[in-house]
Structures are given as C-alpha cells and as structure tokens.
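A short write-up of the structure that comes next.
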Amino acid sequence: PPAQSERAFPAGFPRDGLKEKEVDLNNDGNKELLLTSRDSAGGHAILVDPKDSARPLSSMFNFPQNNFDEEFLFKSSEAPEVYQVIDLNKNGKSELVFDLKNYGAYTSTYGVVIFAGGKLSWLEVEDEGGKMRPAIFWDGASVLNASVFKILDTEKAFVDVSGSGDKDGNWTWDVKAFSWTSEKYKFDPALSEKIKSEQPKKIVDGEPVF
C-alpha cells in the first residue's frame, strides 16, 4: 500500500489518530475497511473500499450524542477502536462493538454501532419502561464499585451489570439484559433476574462469596 502521506481519504474525513480494521459487516465475503479517527470535534468512523481508501462505502459517522441522556455521554481521548465484530442476532449483518476510549474513574465505555442502508448508526435498545436508549455500556471496577459489560451469544443479549459494595463486603447488584426479540433488543426481565442471582452476595478479601 502507498505511504500514509500519499493515501487519499473520503472528503471531509479527518485523519488525526487514524486507526483501521478490515471487517465484513454484511457477511458477503467481501471486506470493508473501517477507518476511525479523532480530532477536536470527537471521534469519526467511515467504511471505505480496502483497495481504494478514498472511496466511501458508508457516510461518515461522528459518534453523535446530541439527544443522549447524561449518563450515556462520553468523551473519546483517542480514536474509537473496534473491540468486537459480532452478528449477535444472527440476521446476517454484524454489529460493531467499539471501545469508545472514554476512561472514567474506573471504567471504560463501549458502544454498539450497526451498518444498514449505507449508514453507520448507534444501535438502540428498548429499556424497561419502553424507552429507546443507545447501546452504551461500561466495564471496570474499583474497590466498592463494579460495572460489567457482557455479550451473551446463546441468549443473543447485551448485558449491563452494575454493583456496589459496602465496607463489610456486602454487594448489591443491578442487572439490565437486552435480548433480541424479532426486531429489536429489549429489556429481558427474566434473563436480568437470572444473571442478578448469579452475582456474589459478598466479596471478602477480593474473593466472591455466593
């Protein structure tokens, strides 16, 4: 491939902090090249032809947050990076799980993006009250807090586990599992309860007690 300086990119795509990964999002055996970058406006992503990086295969996705509730806001400190490519709902189109490179006090932030009709967009999941929210999750732990982001292949579910402990080592957990139902990922109370029941009641000297 030509040297970086000679490469052309789609018009308007910033090349600051460029990262690239070959993916096959529609599982047709033909690869797409996913480019991500980050400038002062935030993160950017675009799919291009692996043989011609100036030829876009998608519109540019700028990881928009304009209608997000505060808890889902993030700030990428470098270009977002693909953490996993998975066709979780087995619909023949892969979901892109991004590490959004947003580092909280003890967590990393992940966001799920889908590709359809030439566009990259946030995957939205339906919360317990029937409200749609972005598929943004956290993972990491401190002494008295834990967030766990799980992707369950068999259950076709994205899971958000959060826990907090007290000074005596007692932990309480909140679990939200979003499983695929014919056309969307929606809150699954039974799966959420099952996963919650599997979490440790106590953590003593770093060891879980069930």
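The values are calculated or read from the model by the stated rules, or taken from the named source; none is laboratory data. Computed from a predicted model, the values in this text were never measured in an experiment. Cβ atoms come from the backbone with ideal geometry, glycine included; neighbour counts cover every protein chain shown. Ligands, DNA and RNA are excluded from the accessible area calculation, which covers all protein heavy atoms including side chains. Shrake-Rupley method; radii C 1.70, N 1.55, O 1.52, S 1.80 Å.
Quick look at the values:
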{"read-out": "Enumeration of residues in the stretch 87-98 that are touching a residue at least 60 places away in the same chain (Cβ under 8 Å) and outside any strand (DSSP E or B)", "value": "Asp87, Leu88, Asn89, Lys90, Gly92, Lys93, Ser94"}
{"read-out": "In the stretch 99-123, the residues that are in contact (Cβ under 8 Å) with a residue 60 or more places away in the chain, crowded, with 17+ Cβ neighbours inside 10 Å and part of a strand (DSSP E or B)", "value": "Lys101, Val113, Phe115, Leu120"}
{"read-out": "Scope the stretch 160-204; condition out of contact with any strand residue (DSSP E or B) (no Cβ under 8 Å at 6 or more places or on another chain) and of a type in the set (Ser, Thr, Tyr); matching residues", "value": "Thr181, Ser182, Ser197"}
{"read-out": "Residues located in the stretch 11-25, provided they are open to solvent by less than 60 Å² (accessible area, probe 1.4 Å) and in a loop (DSSP other than H, G, I, E, B)", "value": "Phe13, Pro14, Gly17, Leu18, Asp24, Leu25"}
{"read-out": "Single unsatisfied condition, Arg133 versus (1) touching an Asp or Glu at 6+ places or on another chain (Cβ under 7 Å); (2) assigned to a loop (DSSP other than H, G, I, E, B)", "value": "(2)"}
{"read-out": "Given (1) in contact with a Lys or Arg (Cβ under 7 Å, 6 or more places away or on another chain); (2) under 18 Å from Ile46 (Cβ atoms); (3) among the small types (Gly, Ala, Ser), index of the condition Ser77 fails", "value": "(2)"}
{"read-out": "Residues of the stretch 172-202 classified as part of a strand (DSSP E or B) and either touching a residue at least 40 places away in the same chain (Cβ under 8 Å) or within 17 Å of Asp139 (Cβ to Cβ) (or both), total", "value": "11"}
{"read-out": "Whichever residue in the stretch 26-79 is aliphatic (A, V, I, L, M) and open to solvent by 80 Å² or more (accessible area, probe 1.4 Å) and, among such residues, is farthest from Ser94 (Cα to Cα)", "value": "Ala41"}
